[in-house]
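Everything below concerns the one structure shown next.
We did not get these values from a lab; they are worked out from the coordinates using the rules stated. Please read all numbers here as calculations on a predicted model, not as lab measurements. Every residue, glycine among them, receives a Cβ derived from its backbone with ideal geometry; neighbour counts consider all protein chains shown.
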């Protein structure tokens, strides 16, 4: 019985220390991941949409995105792998990302509504 308890304690200690070894040295924290994934989503969405505006993100290269966030592709890849290996953390990151994207969408929708109302009001003044 005593040996079983010692074995159980040792197993727990070694399994806990094993998890620490899997953490990348330059792990992006959750907020950094959310911000990076947010930018990726905005850029990728823009790449799928061609417009005539100067404000198109179509030509932004991934290297500029890494530079903006002060990381490289290896740091992102290792961080992404780490979080993907921990579903609760990954879900929390994507939950935060979803919230951030929804806030942006709501803000843009509100702005569009205001500008559309102004345009309609100005047209009504002309008539």
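Between residue 112 and residue 40, the contour length at 0.36 nm per residue exceeds the alpha carbon distance by 23.6 nm. With the simple spin-label model, which puts each label point 7 Å out from Cα in the Cβ direction, the residue 74 to residue 92 separation comes to 2.8 nm.
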